[in-house]
Amino acid sequence: MLNYAAPWWLPGGNLQTIWAATCSRRLPAGQHTPPRFVRERWPTPDGDFVDVDHLQGSATDNGAQPARHLVLFHGLEGSIGSQYAQAFATVAQRRGWAYSVPHFRGCSGELNLAPRAYHSGDFEEIGWILQRLRQCSSLPLLVVGVSLGGNALLRWAQEAGNSAGETAASVAAVCSPIDLAASGRAIDRGFNWLVYSRMFLATMKPKALAKWQQHPGLFDRDKLAAARNLFEFDNIFTAPLHGYRDTPDYWDRASAKPHLARIRIPALVLNARNDPFVPAASLPAAADVGRCVTLWQPAQGGHVGFPQGRFPSNVLAMPQAVSDWLLAHS
């Protein structure tokens, strides 16, 4: 992945991002049946629920039991249907690994119950989910977080410190906005605001307004309805509902970048330098991380894109490379 090069007909981070999410194949050539999942609902300690999708048929061709358990935490407004979740499922299936995708609250297709949602610094939720998986599985856990999920996963590893290795064997953050202020400013400007920010708000605002119907008075409904960008949305909804004073406080305290040297478990941090809303200038350098952290920063790839191959391309290169790294460092 360090030497990744996009197809010549997909120049630029925006095209690599959008094409990968909407048009690239998620299955290898010749495979037409997508992976199948079974859903499990876990009650949470605060009276809510988390839905976890598990890959069916996680066994090798010779009938042996899986040797690894791959876990994926999705990005903002992601789900099991996201192209990267499907692509990682394909990679896990071909290797005979177990594979699970926990959904952040409200992202599984059903509104959650508690007066909260999810956020980029949700390390306590990550820890609870991983502990539950650890109790259910004797296999080494290889954990990947994509975008928002990657920042939250790194925050968990930072907070867990030396004890992280008791739960997970290795972790990876893919295209994660680990400097939330830099990414927040980038996504709310120009083309990014027109395409990406408005796309996220199109699903986030209705969910938030439905949450207000559950819990009237939880926030200022009129201001939420009028929010024009993610900064305003986070200021009204995400920050106050999850213990932060406002958006700047949320972005400051939830960002993983300032604490990368605290990680004591093998951790990969992968970011394309042409990611439209994770500015290259905000990415960590070798001096910002400790000995347990590996940085991959290819010049191309976009945001969770990395399409490869001939038209219409596929999105398997990144999941394969990340899974190889997780296995080698587990």
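The values are calculated or read from the model by the stated rules, or taken from the named source; none is laboratory data. Nothing here was measured: the structure is a model prediction, and the numbers come from that model. Cβ placement follows ideal geometry from the backbone for every residue including glycine, while neighbour counts extend to all protein chains displayed. Accessible surface areas use protein heavy atoms only, side chains included; no ligands, DNA or RNA. Shrake-Rupley method; radii C 1.70, N 1.55, O 1.52, S 1.80 Å.
A few comments on the model shown:
- Residue in region 254-268 that is hydrophobic (A, V, I, L, M, F, W, C) and touching an Asp or Glu at 6+ places or on another chain (Cβ under 6 Å) present: yes
- Complete set of residues in region 144-163 that are buried (at least 24 other Cβ atoms within 10 Å of the Cβ) and of a type outside the set (S, T, N, Q): V144, G145, V146, L148, G149, G150, A152, L153, L154, R155, W156, A157
- Scope region 271-319; condition modelled with pLDDT of 95 or more, in a loop (DSSP other than H, G, I, E, B) and among the aromatic types (F, W, Y); matching residues: F306
- Residue list for region 183-222, filter: among the acidic types (D, E), open to solvent by 40 Å² or more (accessible area, probe 1.4 Å) and farther than 22 Å from G243 by Cβ: D222
- Note on region 264-322: among residues that are closer than 24 Å to E166 by Cα and free of Cβ contacts under 8 Å to residues at least 60 places away in the same chain, the one that is most open to solvent (accessible area, probe 1.4 Å) is R291.
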